[in-house]
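Trainee: One structure, pasted below without further comment.
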């Protein structure tokens, strides 16, 4: 799927002129001086070509960025992380930025396919959340997002500028599973729901979940599910293959819309899920809840990585900075994700910020299945952040894991 918002010449000149006029008057986030005026002129001659999940590659956000920055053209391609990674590593020059997940950064950094972005070029960086700057002593530095995004310990340049983050869990039909049954990663693999369970098609995600379930079932004792050893991967592969052969999984899902359809139709009653997908199912009036796993959540962050050799570097930096401005954060926050910057509090309506970030009851008219007095599943950002089982990361035994995933797919 490709989103294209190229403007005709007359419209482009009109928009660019308007952006430059605002630059003189200091009317936008980006434009407030002669330097900004020059930047607007430069951006008008650049394009922004992005690839990533539909979570962040959204037409509305790209259109708003175009209007705010004065960039010449924007286009977005929605693709799963494995698919995007394959395109980039195959030498594609069709993209300037990969909206990737922290765990996959090594795939482009180690192969010299990424360029760093200096924090000095990001006007909105000062209000970034501490989760991206200060290590949590609970985890090894490289086993959390702060140890993945920086080029070195000086924290002056980033391989990935965060745009959203979240804590994933189990989505389920409360008419089929009780809260107690669903509040564990083992629910996905419970034979009680054979043929009605779903599993993410990303192997790094699937293996981590299998390991957590195996730990709970007493089948393993893996300290970091995000970075299992070769032997632990072998055991997890055996577990996954046995479940597949038993007919446990209705489907492997990789797309937001696909997941929503499976849950809304009742074809899948329990699966690993993104909370916004659960919210989308509820918005259709269908029963769906998000579990609070006793093992803890899977934590991740998506952000913007500049691809090496792009001729549109200023556009990439401006786009990464736009995500930190708070404006795009409204869109993704109201879908159920979190913005990495505290700027979002100033941008959102207070009552909506209270619901999405502070765990307070919904106030006002019903909206997308959320009614007066409802609470966000899992509670506040602070509460959910304190219940993390592991952060997604690039496993040391990546090649071995992929080999075993291929065996699972072929089984």
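The values are calculated or read from the model by the stated rules, or taken from the named source; none is laboratory data. Remember, predicted model here, so these are calculated numbers, not experimental data. In this analysis, Cβ positions are derived from the backbone assuming ideal geometry, glycine residues included, and neighbour counts consider all displayed protein chains.
Trainee: Mind listing whichever residues of region 384-401 are assigned to a loop (DSSP other than H, G, I, E, B) and in contact (Cβ under 8 Å) with a residue 40 or more places away in the chain?
Mentor: Result: 387, 392, 393, 394, 395, 396, 397.
Trainee: Pick out the one residue from 228, 276 that is in a helix (DSSP H, G or I), touching a residue at least 60 places away in the same chain (Cβ under 8 Å) and on the phi < 0 side of the Ramachandran plot.
Mentor: Result of the check over 228, 276: 276.
Trainee: Can you tell me which residue within region 243-263, out of those that are buried (at least 20 other Cβ atoms within 10 Å of the Cβ) and outside any loop (DSSP other than H, G, I, E, B), is farthest from the chain's Cα centre (by Cα)?
Mentor: 243
Trainee: Among the listed residues 164, 146, which satisfies the condition of being farther than 17 Å from residue 296 by Cα, touching a helix residue (DSSP H, G or I) at 6+ places or on another chain (Cβ under 7 Å) and assigned to a helix (DSSP H, G or I)?
Mentor: Residue meeting the stated conditions: 146.
Trainee: Is it true that some residue in region 320-330 is farther than 30 Å from residue 116 by Cα, in contact with a strand residue (DSSP E or B) (Cβ under 7 Å, 6 or more places away or on another chain) and either in the same structural domain as residue 384 (by TED's automatic domain parsing) or modelled with pLDDT under 95 (or both)?
Mentor: For region 320-330, residues farther than 30 Å from residue 116 by Cα, in contact with a strand residue (DSSP E or B) (Cβ under 7 Å, 6 or more places away or on another chain) and either in the same structural domain as residue 384 (by TED's automatic domain parsing) or modelled with pLDDT under 95 (or both): absent.
Trainee: Report, by residue number, each residue of region 95-130 that is part of a helix (DSSP H, G or I), within 20 Å of residue 141 (Cα to Cα) and free of Cβ contacts under 8 Å to residues at least 24 places away in the same chain.
Mentor: 130
Trainee: List the pairs whose first member sits in region 141-157 and is touching a residue at least 40 places away in the same chain (Cβ under 8 Å), whose second member is loosely packed, with under 13 Cβ neighbours inside 10 Å and assigned to a loop (DSSP other than H, G, I, E, B), and whose Cβ atoms are under 9 Å apart, counting only residues at least 6 apart or on separate chains?
Mentor: What qualifies is 144/138.
Trainee: Out of the strands (runs of 3 or more DSSP E) lying entirely within region 1-94, which hold 2 or more residues that are within 17 Å of residue 322 (Cα to Cα), at pLDDT 90 or above and in the same structural domain as residue 314 (by TED's automatic domain parsing)?
Mentor: Of the strands (runs of 3 or more DSSP E) lying wholly inside region 1-94, those with at least 2 residues that are within 17 Å of residue 322 (Cα to Cα), at pLDDT 90 or above and in the same structural domain as residue 314 (by TED's automatic domain parsing) span 47-52, 73-78.
Trainee: Taking region 167-182 as the search range and keeping residues that are free of Cβ contacts under 8 Å to residues at least 12 places away in the same chain and in a helix (DSSP H, G or I), which one is surrounded by the fewest Cβ atoms within 10 Å (Cβ to Cβ)?
Mentor: The selected residue is 180.
Trainee: Here's something else I'd like to know. Has region 311-320 got at least one residue that is part of a loop (DSSP other than H, G, I, E, B) and surrounded by 22 or more Cβ atoms within 10 Å (Cβ to Cβ)?
Mentor: yes
Trainee: Go through (1) closer than 30 Å to residue 411 by Cβ; (2) outside the structural domain of residue 287 (by TED's automatic domain parsing) one by one and return the number of the condition residue 154 breaks.
Mentor: Only one criterion is unmet by residue 154, namely (1).
Trainee: Which residues, taken from region 133-145, are within 19 Å of residue 108 (Cβ to Cβ) and surrounded by 19 or more Cβ atoms within 10 Å (Cβ to Cβ)?
Mentor: The one that is within 19 Å of residue 108 (Cβ to Cβ) and surrounded by 19 or more Cβ atoms within 10 Å (Cβ to Cβ): 145.
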